[in-house]
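Encoded as structure tokens, the structure appears first; notes follow it.
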Amino acid sequence: MDLLNTLVDKGLRREPPTREEALAVLATSDDDLLDVVAAAGRVRRHWFGRRVKLNYLVNLKSGLCPEDCSYCSQRLGSRAGILKYTWLKPGQASDAAAAGVAGGAKRVCLVASGRGPTDRDVERVSETIRAIKEGNEGVEVCACLGLLSDGQAERLREAGADAYNHNLNTSEATYGDITTTHTYADRVDTVRKAHAAGLSACSGLIAGMGESDADLVDVVFSLRELDPDSVPVNFLIPFEGTPLAKEWNLTPQRCLRILAMTRFVCPDVEVRIAGGREVHLRTMQPLALHLANSVFLGDYLTSEGQAGRADLEMIADAGFEVEGTDRVTLPEHRVAGGHGAPEGAGGCGGHGGAGACGSGGGGEGACGPHGADGGREGHGIYGTAPSSARSSASAAAPGAADGAAPGTSEGGAGEGGAAGSGPETAAGPAAAPRPDLVAVRRRGAGTDLAPNA
């Protein structure tokens, strides 16, 4: 397929696709899906080899948020039966983080509900960061505390934080339909504050909220322009008791297309499979590892995830390896400050920030160098790739050799509307609701029960 040949060549050069090419990826048929996965997989392996970075969430403060984000179970007015608790003490948070590190996590993500932190909150989180760093050598810490005020990013950096997460979530054009208590511009401002403070910026999206293909392409191109080091791709978990409880718009096939498009637009960035993978990718999760080089281990903020042991087995069975703290995640040119980007390439590889996390330079930290095992496969087009590269998807799905989709797949969902009611598209019928797969977290942080890491 000429489109895939072009996208692979561009990805290996860190050159962005056109908007039309990105839209075309989302519009591919199920018959072409494994070819899409294999092509994006070449780009993933070129920059990240077969390494998978594990991240672990610690929910420092759950529920009772004053913001009205429609997708969130912690939102103002939410009737979801989630855990609600105030701030964990630094020791409690450090103990929770230790469980994830013991399970193989390289990064701990400290998250707190709310519009944004007070200065007292920043000091509280700073104590937690120091406690985690003292007890876990080489582990990265990312904070996610909402909208930042001036000077707060710098204080988190001084405390030892390596990164800051604040997602754009959806396109600027549709942001007001999702949230009214803050703006898209507020979110962009916080990502820029993190960058300016020398923190590694982490910013991503949520798919499945009824957005169009154009919205998905818009937000991914906006992320490329912001140039975060990490791009988490969340798939909406439609919690009962939230405004989007009936939005079942995703199939495993559509999720794979979204991840592939993200990889083509941001080829040399840590693309992370985030919330909702168990609900929407289901048995096709191993294929997604050919597109993303990072996942969350165990549970999420308010919902249960796949057991940590199952995550590790899935990674090994699919032929990948867990990235250790002795390895740097990002390709060498990003760690070094973005030198060598092709003229006019911009973001997702033109990052002008400082060095790796933990190096004192403010970049993506022990996320380090694109090493010798980076999977660099040469610069040829997809059609002339080695057989090992072209058959990478077939390790997880029979029939990949001839491009046939496994079984009788449902295909991608429509561009919006509630689950089960959307029109059929060229890629297949709309998604079927699976509320049976949504489970509220009842263990780990904020409880007396051990986590599943």
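The values are calculated or read from the model by the stated rules, or taken from the named source; none is laboratory data. The structure presented is a predicted model; accordingly, all values stated were derived computationally and were not measured. All Cβ positions, even for glycine, are placed from backbone atoms using ideal geometry, and neighbour counts span all protein chains on display. What goes into the accessible areas is simple: the full protein's heavy atoms, side chains included, and nothing from ligands, DNA or RNA. Shrake-Rupley method; radii C 1.70, N 1.55, O 1.52, S 1.80 Å.
Tell me, yes or no, whether segment 14-29 has at least one residue that is surrounded by fewer than 20 Cβ atoms within 10 Å (Cβ to Cβ) and without any contact (Cβ under 8 Å) to a residue 12 or more places away in the chain. The answer is yes; a qualifying residue exists. Could we say that residue 228 is modelled with pLDDT of 95 or more and within 19 Å of residue 311 (Cα to Cα) here? Against the criterion (modelled with pLDDT of 95 or more and within 19 Å of residue 311 (Cα to Cα)), residue 228 does not qualify.
Each residue in segment 9-42 was checked for being within 20 Å of residue 255 (Cβ to Cβ) and of a type outside the set (Val, Ile, Thr), and 20 pass.
Being among the polar types (S, T, N, Q), open to solvent by less than 10 Å² (accessible area, probe 1.4 Å) and either farther than 29 Å from residue 217 by Cβ or in contact with a Cys (Cβ under 9 Å, 6 or more places away or on another chain) (or both): is that true of residue 126 here? Considered against the rule, which asks whether it is among the polar types (S, T, N, Q), open to solvent by less than 10 Å² (accessible area, probe 1.4 Å) and either farther than 29 Å from residue 217 by Cβ or in contact with a Cys (Cβ under 9 Å, 6 or more places away or on another chain) (or both), residue 126 comes out as yes. Among residues of segment 190-203 that are at positive phi, those with a Cβ under 9 angstrom from a residue that is in a helix (DSSP H, G or I) and open to solvent by 10 Å² or more (accessible area, probe 1.4 Å), sequence gap 6+ or separate chain, pair up as 198/154; 198/157.
For segment 290-314, a residue qualifies if it is touching a Gly at 6+ places or on another chain (Cβ under 9 Å) and surrounded by fewer than 22 Cβ atoms within 10 Å (Cβ to Cβ), and the qualifying residues are 300, 303, 304, 306, 307, 309, 312.
Every residue in segment 258-283 that is farther than 18 Å from residue 296 by Cα and assigned to a loop (DSSP other than H, G, I, E, B), please. Passing the criteria: 266, 267, 268.
Which residues, taken from segment 145-192, are surrounded by fewer than 22 Cβ atoms within 10 Å (Cβ to Cβ), modelled with pLDDT of 95 or more and aliphatic (A, V, I, L, M)? Within segment 145-192, 147, 159, 173, 185, 188 qualify. Among (1) in contact with a helix residue (DSSP H, G or I) (Cβ under 9 Å, 6 or more places away or on another chain); (2) buried (at least 19 other Cβ atoms within 10 Å of the Cβ); (3) within 17 Å of residue 127 (Cβ to Cβ), there is one condition residue 142 misses while meeting the rest; what is its number? With respect to (1) in contact with a helix residue (DSSP H, G or I) (Cβ under 9 Å, 6 or more places away or on another chain); (2) buried (at least 19 other Cβ atoms within 10 Å of the Cβ); (3) within 17 Å of residue 127 (Cβ to Cβ), residue 142 is out only on (1).
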